[in-house]
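Contents: one structure, followed by commentary.
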Amino acid sequence: MNIVVTVKQVPDTWAEKKLDAADKTVDRVSVDNVMNEMDEYGVEEALKIKEAHGGEVTVVTMGPAKAVETIRKALSMGADKAVHLTDDALHGSDALQTSAALAKVIATLSPDLVITATEASDARGGVMGALLAERLGLPQLTQARKVTVDPAAGKVSIERLADNGYALVEASLPAVVGVVEKINQPRYPSFKGIMAAKKKPLTTLSSGDAGLDAGSVGLAGAGSTVVDSQPAPPRQSGTIVKDEGDGGVKIADFLAAQKLI
Amino acid sequence: MIVDNRIDFETYWRVEVRTVLTWTDEEQELRKAVRRFVEAEVAPRREELEHGDLAPYGIMRRYSEAFGVGDIAIERFESSLRGEPGPAVTAAQTLIPMIEFSRYCPGIVTSMGVSTSLTAGAIIKGGSAEQKERWVPDLLTIAKVGSWAITEPDSGSDAFGSMRATARPDGDGYVLNGAKTFITNGPDADTIVFICRLADGTEERRYATFVLDRGLPGLVQSAPLRKMGLHSSRTGELSLTDVVVGPDRLLAPAKKKSGPATSDRSSAMATFVKERASIAAMALGIIERCLELSVDYARTRVQFGRSIGDFQLIQLKLAQMEVARLNVENLLLRYLRQVDAGVRPSLTEASATKLYAAQAAMQVSLEAVQVFGGNGYMAENHVEQLCRDAKVLQIYAGTDEIQVSQIAKDLLRGRR
């Protein structure tokens, strides 16, 4: 199995997420950055499939130079090699442009299976899997809580998470599969893995290397633009009801006013 | 002739940069990965580990499996049996987990180190092939818990001079008697390395080391002793009354590099060198965590209408903690870089590092309690625990006083 797994470096889950004041893109400079937590489930699933069926796991990311840290994390978990698409010209690309760029890179790898997370915790668009499948001309299975690959039969089946249970869905290989957090427990990178990560093959591509037209990527050519943003309003302090023998009545009145009773 | 003795700055900076004391990329990755494990597995159980009855061995096993630590140790062990080098383990791989675990529960470091390093190490050094196969693999994977028993009620720093536990030859084997105390993992140990005086010892061999199994007739392992801190490491007493052992449990004396003379004492001393460096790692973990918690508290605790971080006396404490943190980190990085370069730090240097780091951890954690005020004195507060834990760093692996005398003696002898 030739498995490609997409990962993204995002601001730490606990960091205060901000937009760059100048161009309204995600501020990745003033915060600690980590691998998108949901991507860890994708990497884990790719490694499990490789361990069961053999083959190779290639990590693909698009992001600034610092995103190599996220690649190294995936390599230290056990992925075999990585492709890092990085170029100042890519800065500010929207989901459409990013998917076009990633699809171009992934197509050159001729994968049997592409694994993505459901979304990244920074922009939370949740569209990359679908966009990649469309651009690669592959079937897409989404919301997978279990993935079973049958390389001999050339198919992949999943348990697709639904509100009231799950649906069994299958597709022919190659395919794009989006996984949810329930699917596995990502491993810690082993000490050996950490020491070996730097020695694993890493291909760094500029947009030109990947065959992308300069005008097709980046902030200037983006189809969607963040025009303005406002921080969420601070939480309002609650109402304090002082019990002077009529506390119960006051609470009942309050609940009635909220149309809760 | 004109001598140009101006500093060649280009060369100067090149040298400095090459030896600059910072964490490598791999070391940073190791720190992040182990920190994540500790925050997920240890932090939520800190209360039970430190104030309850939760033994640390389950967490130690999960750690060993999650990071492949046991697998590497087994590979190295099996390679050594074949006389091959085996996979390399850097000093950082050993010391970084100690830093990270010590941020929450330094006791786990003690428990793990005694089992996988001291106990297994003693058998690897002195054991025959059969003895190694019999006891070492289970200790390395933490399938079994080990103890290294040297200290006695009347022998601490003078471990060998005042030792009373004895082995009396009896036919092919020996009869062991004696009492050991302050034995890490003592209440739970499956495998015990027991060091004692030979009843008819000669000038060449006065001491002997045996490997004991839990349940041997005459061997009693006490319940955990109550102690000031380090509660996540369970400490006990061992009592041996006419414990009969065969020669299969006697380890060979350690070999000196020069000549055929042998000494168990030199083997134990070699162990002390590594042990002292590891105290600096534990100290760094305690200092880092105390500083983080103190800075956070100084920012958020409001008194007299302002955060207490605005008061200069609190600022002084924070600044002194940071100085201590940097110093201990630098000593540790110096140790790591020396080992990386194949230079074994001297016992004097290891002693100086240990002495400073232990005192710094004690001072920083006391000041952290002071920053927290009444809250810091409460048992539910983490700095209260770290402060009690820090004290042991000045006591075990050689007391401060032993370190001072070691350093001073070597200085006066003209050695460093």
Search result, residues across segment B:124-147 that are modelled with pLDDT of 95 or more, of a type in the set (A, V, I, L, M, F, W, C) and surrounded by 15 or more Cβ atoms within 10 Å (Cβ to Cβ) = B:W135, B:V136, B:L139, B:L140, B:I142, B:V145
request  = Taking B:L318 as the residue in question, decide whether it is in a strand (DSSP E or B), modelled with pLDDT of 95 or more and more than 18 Å from the chain's Cα centre (by Cα).
outcome  = no
key: Qualifying positions in segment B:153-174 - within 16 Å of B:F194 (Cβ to Cβ), within 22 Å of the chain's Cα centre (by Cα) and not small (G, A, S)   = B:P153, B:F160
inquiry  = Restricting to segment A:154-190, give me the number of residues that are assigned to a helix (DSSP H, G or I) and modelled with pLDDT of 95 or more.
reply    = 1
request  = Go through segment B:30-54 and count every residue that is within 9 Å of chain A (Cβ to nearest Cβ) and either in contact (Cβ under 8 Å) with a residue 24 or more places away in the chain or open to solvent by less than 40 Å² (accessible area, probe 1.4 Å) (or both).
outcome  = 4
note = The condition from (1) buried (at least 16 other Cβ atoms within 10 Å of the Cβ); (2) not in a helix (DSSP H, G or I) that B:Q406 misses is numbered (2)
note = Picking from A:V105, A:V83, the residue that is away from every other protein chain (no Cβ under 14 Å), at pLDDT 95 or above and part of a strand (DSSP E or B) would be A:V83
ask   = How many residues, within segment B:88-99, are within 13 Å of another protein chain (Cβ to nearest Cβ) and open to solvent by 30 Å² or more (accessible area, probe 1.4 Å)?
value = 4
task = Filter segment B:161-172 down to the residues that are open to solvent by 10 Å² or more (accessible area, probe 1.4 Å) and on the phi < 0 side of the Ramachandran plot, then identify the one that is modelled with the lowest pLDDT.
result = B:G161
note = Checked segment A:191-214 for anything more than 8 Å from chain B (Cβ to nearest Cβ), of a type in the set (A, V, I, L, M, F, W, C) and not in a strand (DSSP E or B); matches are A:A196, A:A210, A:L212, A:A214
request  = State which residue is most open to solvent (accessible area, probe 1.4 Å) when the search covers only segment B:18-29 and only residues that are free of Cβ contacts under 8 Å to residues at least 40 places away in the same chain and more than 14 Å from every other protein chain (Cβ to nearest Cβ).
outcome  = B:R18
request  = Would you be able to tell me the number of residues in segment B:55-85 that are more than 21 Å from the chain's Cα centre (by Cα), open to solvent by 30 Å² or more (accessible area, probe 1.4 Å) and away from chain A (no Cβ under 13 Å)?
outcome  = 7
ask   = Of (1) part of a strand (DSSP E or B); (2) open to solvent by 10 Å² or more (accessible area, probe 1.4 Å); (3) of a type outside the set (D, E, K, R), B:T202 satisfies all except one. Which?
value = (1)
key: Selected residue (only one of B:P87, B:P97 is in contact (Cβ under 8 Å) with a residue 12 or more places away in the chain, closer than 29 Å to A:G78 by Cα and not in a helix (DSSP H, G or I))   = B:P87
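The values are calculated or read from the model by the stated rules, or taken from the named source; none is laboratory data. None of these values were measured; they are calculated from a predicted model. Cβ sites come from the backbone with ideal geometry, for glycine too, and all protein chains shown count toward neighbours. Side chains are part of the model used for accessible areas, which takes the heavy atoms of the whole protein and leaves out ligands, DNA and RNA. Shrake-Rupley method; radii C 1.70, N 1.55, O 1.52, S 1.80 Å.
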